[in-house]
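The values are calculated or read from the model by the stated rules, or taken from the named source; none is laboratory data. Just so we're clear, the structure is a prediction, and the values are computed from it rather than from any experiment. Methodologically, a virtual Cβ is constructed for each residue, glycine included, from the backbone with ideal geometry; neighbour enumeration extends over all protein chains shown. Just so you know, the surface numbers come from the protein's heavy atoms only, side chains and all, with ligands and any DNA or RNA stripped out. Shrake-Rupley method; radii C 1.70, N 1.55, O 1.52, S 1.80 Å.
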Amino acid sequence: MLAHAEGGVSIDKPWMRFIIPATPAAGYFTLKNDSDSAVELTSASSTACGMVMLHQTKEVNGVEHMLMVKSLKVPAHGTFSFEPGGYHLMCMQPQSSMQVGASVPVTLKFADGKTLTAQFPVKGPGGK
Ligand SMILES: [Cu+2]
């Protein structure tokens, strides 16, 4: 199901992994670009988070590190997946609206100034 579409770009299968309020939550989704030009994701925000960052998880010598991601390009008619163990939205300071079973809005911002908002269902640590 496509959560929302604007200019041929959409957010598919969004969800948030929430553990406890003291720990950042993580947002996952697939970004679908059905337009004829590449799009560049530059930032994200949510009223359910104090701040949202773009992160990439990388394993180095068996230890997981999180790297800051400045921007991400999705080619024309391409998709890009944010998923556990890879790219994710890091939701710092989860707010009280972040509750398992609820949905929270997340807005993605692109280099061309466009934004895209979708409701992210909140799940627990195991993805349920
Ligand atoms: Cu992270």
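Observations, loosely collected:
- Segment residue 57-residue 69, extension gain: residue separation times 0.36 nm, minus the distance between their alpha carbons: 3.3 nm
- Computed accessible area, residue 83, all protein chains, 1.4 angstrom probe, square angstrom: 100 Å²
- Average accessible surface area per residue within the chain, 1.4 Å rolling probe, Å²: 54 Å²
- Segment 54-97: translational diffusion in µm²/s, Stokes-Einstein, Kirkwood Rh over Cα pairs, 10 °C, 1.306 mPa s: 130 µm²/s
- Selected from 54, 90, 115, residue furthest toward positive end of dipole (the chain; charges at beta carbon): 90
- Relative contact order %, the chain, counting alpha carbon pairs below 8 Å whose residues are six or more apart: 33 percent
- The chain, dipole about Cα centre (Lys/Arg Cβ +1, Asp/Glu Cβ -1), debye to the nearest 20: 260 debye
- For the residues 43, 96, 37, 10, a 1.4 Å probe over the protein chains yields an accessible-area ranking, largest first, of 96, 37, 43, 10.
- Taking all Cα pairs closer than 8 Å and separated by 6 or more residues, the relative contact order of segment 80-128 comes to 29 percent.
- Measuring nothing but alpha carbons in the chain and taking Rh as the Kirkwood radius, the Rg to Rh ratio lands at 0.96.
- Which of 29, 80 is most accessible, then next, and so on - probe 1.4 Å: 80, 29
- Heavy atoms of residue 63 accessible to a 1.4 Å probe, total area in Å² rounded to 10: 80 Å²
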